[in-house]
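The values are calculated or read from the model by the stated rules, or taken from the named source; none is laboratory data. Small disclaimer: the values here were computed from a predicted structure and weren't measured. Don't worry about glycine lacking a Cβ; one is built from the backbone with ideal geometry, like all the others, and counts go over all protein chains shown. Note: accessible area is taken over every heavy atom of the protein model, side chains too, but ligands, DNA and RNA are not part of it. Shrake-Rupley method; radii C 1.70, N 1.55, O 1.52, S 1.80 Å.
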Amino acid sequence: MEESLVSIITPSFNSEKFILEAIQSVQNQTYNNWEMIIVDDCSTDQTVSIIKEASSHDNRIKLFQLDTNSGTGIARNTALEKTTGKYITFLDADDLWKPLKLESQMKFLKVHNLPFTFSFYECINEAGQSLNKRIEAPLNLSFRQLFLCNYVGNLTGIYEVKYFGKIPISSIRKRQDWMLWLTILKKIKTAQPIPESLAYYRIRENSISASKYELLKHNFAVYRMFHRLNLAVSILCMIGFLFTQLLLKPRYSKNVKASI
């Protein structure tokens, strides 16, 4: 199988504890034709030094630095502009991929003639220890399902540039990935995941994504700002979101034995 170039977008900010492990998880891929575009958002720790050292030994790793601290959205969009691959995928500086991630996804895309796919993933804690939990998703994910709940892990999605173009990332502080997948599902209507875990999502203490209250605020902002719904409709959507989040999505969280 011809290996099309895959561009990996990685924003970084004060990620010295995790960034090398993230880079190594990319270097350990069985699929070799990739470029890792890392955009650092003015880190004040050793993040940049670690990336520079890694890139000095592997020219597939490309570092760019922002002049001012601008947030994850700007960092991702800056990386997006630098990409040259036929496919775009994402890996945050504290997450990890399993070695077969890219190979499995590229085969799946080509065999099923798809422009987009994603996969299941597992959760680890800040120390990198397994939380014995795998996050799955509907096998035929519809726009309606995605509208009420983000089933696509940001570290697992991959899309074809020729089909979608380079899709800009929202400047909203959180839920940027959800808006990206919604943009994709608006066009293709349904999406099929690879029904296996291909990545590790790190749950960090005191992170916004770990705060239920903060999560609700950012989800409400998606309905108001991205979908441009009025206040009343946005509230109704949030009721649907809460119903899905509390009663339906837990069905896709599975207890598994540690695999890391």
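Out of (1) in contact with a Leu (Cβ under 9 Å, 6 or more places away or on another chain); (2) open to solvent by less than 30 Å² (accessible area, probe 1.4 Å); (3) farther than 26 Å from residue 69 by Cα; (4) touching a residue at least 24 places away in the same chain (Cβ under 8 Å), what's the single condition that is false for residue 154?
The one condition residue 154 does not meet is (3).
Regarding residue 72, is this residue under 27 Å from residue 171 (Cβ atoms), out of contact with any helix residue (DSSP H, G or I) (no Cβ under 8 Å at 6 or more places or on another chain) and among the polar types (S, T, N, Q)?
Spelling it out, it is not the case that residue 72 is under 27 Å from residue 171 (Cβ atoms), out of contact with any helix residue (DSSP H, G or I) (no Cβ under 8 Å at 6 or more places or on another chain) and among the polar types (S, T, N, Q).
In the set 103, 81, which member is farther than 18 Å from residue 33 by Cα and of a type in the set (Asp, Glu)?
The conditions single out 81.
Could you list, ordered by first residue, the pairs with Cβ atoms under 9 Å in which the first is in the range 94-112 and surrounded by 18 or more Cβ atoms within 10 Å (Cβ to Cβ) and the second is among the basic types (Lys, Arg), at least 6 apart or interchain?
That search, which allows pairs on different chains as well, returns 94/17; 94/202; 94/204; 95/202; 96/202; 104/98.
Could we say that residue 116 is of a type in the set (Phe, Trp, Tyr) and either over 18 Å from residue 22 (Cβ atoms) or open to solvent by 10 Å² or more (accessible area, probe 1.4 Å) (or both) here?
Judged against the criteria, residue 116 is a match.
Could we say that residue 104 is under 19 Å from residue 159 (Cβ atoms) and among the polar types (S, T, N, Q) here?
yes
Quick one: which residue in 12, 104, 55 is under 22 Å from residue 166 (Cα atoms) and of a type in the set (Ser, Thr, Tyr)?
Going through 12, 104, 55 in turn, just one is under 22 Å from residue 166 (Cα atoms) and of a type in the set (Ser, Thr, Tyr): 12.
If the Cβ limit is 8 Å and pairs must be 6+ apart or interchain, which residue in the range 35-63 that is at negative phi and assigned to a loop (DSSP other than H, G, I, E, B) pairs with which residue that is among the aromatic types (Phe, Trp, Tyr) and at pLDDT 95 or above?
41/13; 43/13; 60/34
List every residue pair whose Cβ atoms lie under 6 Å apart, where the two residues are 6 or more positions apart in sequence or sit on different chains, the first residue falls within the range 183-203 and is modelled with pLDDT of 95 or more, and the second residue, located anywhere, is among the acidic types (Asp, Glu).
From the range 183-203, the pairs are 197/122; 200/122; 201/95; 202/94; 202/95.
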